[in-house]
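Engineer: Provided herewith is a single structure, encoded as structure tokens, for subsequent inquiry.
The values are calculated or read from the model by the stated rules, or taken from the named source; none is laboratory data. The shown structure was predicted, so the numbers you read here are calculated from the model rather than taken from an experiment. A quick note on method: Cβ atoms are made from the backbone with ideal geometry, for glycine too, and the neighbour counts reach across all protein chains shown.
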Amino acid sequence: MPRSETRNHRAQRPTLYNPAFEHDGCGTGFIADIEGRASRRVVHLAVEALVRLTHRGAVSADAASGDGAGVTIQIPRALLADDAARLGLPEQDLDRLAVAMVFL
């Protein structure tokens, strides 16, 4: 069998991909201040966008549970500075601070 026929034969093999399921991947949205300033307004707009996307806004088919969709924000280091200092992390080391959310 010539090489071109082999290539065409491979392209026509059935795969696990089904374009009928393409509607499931909604993607990701981003809202940011172009100057990089942290603000309550940006968080408010992000929450508003999520609420308006009921198909992606953590609403499951039963309308009582969700799929974990949410908003990610930068770490509010100034807000956490007092607690970090109390726990032994000096202010100059706040850039070493990390936050984790764990759902059990």
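Engineer: Would you be able to say whether some residue in the stretch 80-98 is at pLDDT below 85, over 13 Å from GLY29 (Cα atoms) and not in a helix (DSSP H, G or I)?
Structural biologist: yes
Engineer: In the stretch 27-51, which residues are aliphatic (A, V, I, L, M), part of a loop (DSSP other than H, G, I, E, B) and over 18 Å from ARG77 (Cβ atoms)?
Structural biologist: Correct list: ILE31, ILE34.
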